[in-house]
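The next block holds one structure in the form of structure tokens; read it before the comments.
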Amino acid sequence: MAEPKCPECQIEGIKHIVSKDSEERARDNHAWFQVAYCDGCGHIYGVFAKHTIPAGKKGPQLVLNR
């Protein structure tokens, strides 16, 4: 199977695609997003929501840690 290649630094391999929680937190201190990026150069592959707000319910509020 072919290994993914970073479009920025050309490093190859799934092991170089890593992720981490965003610094933005909900009131319960859980991360709002997961960020997938290249561990070689920092190229961002995507940002994925970890929290969803059900229809008709008041969802978590964004808290910025500074």
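Within the range 9-24, being surrounded by 12 or more Cβ atoms within 10 Å (Cβ to Cβ), charged (D, E, K, R) and farther than 15 Å from VAL47 by Cβ holds for one residue alone: GLU12.
Of the residues making up the range 25-34, those that are outside any strand (DSSP E or B) and under 17 Å from VAL47 (Cα atoms) are ALA26, HIS30, TRP32.
Computed from the coordinates by the stated procedures, all read-outs in this text should not be read as laboratory data. Keep in mind it's a predicted model, so treat the numbers as computed, not measured. Note: ideal-geometry Cβ built from the backbone for every residue, glycine included; neighbour counts use all protein chains shown.
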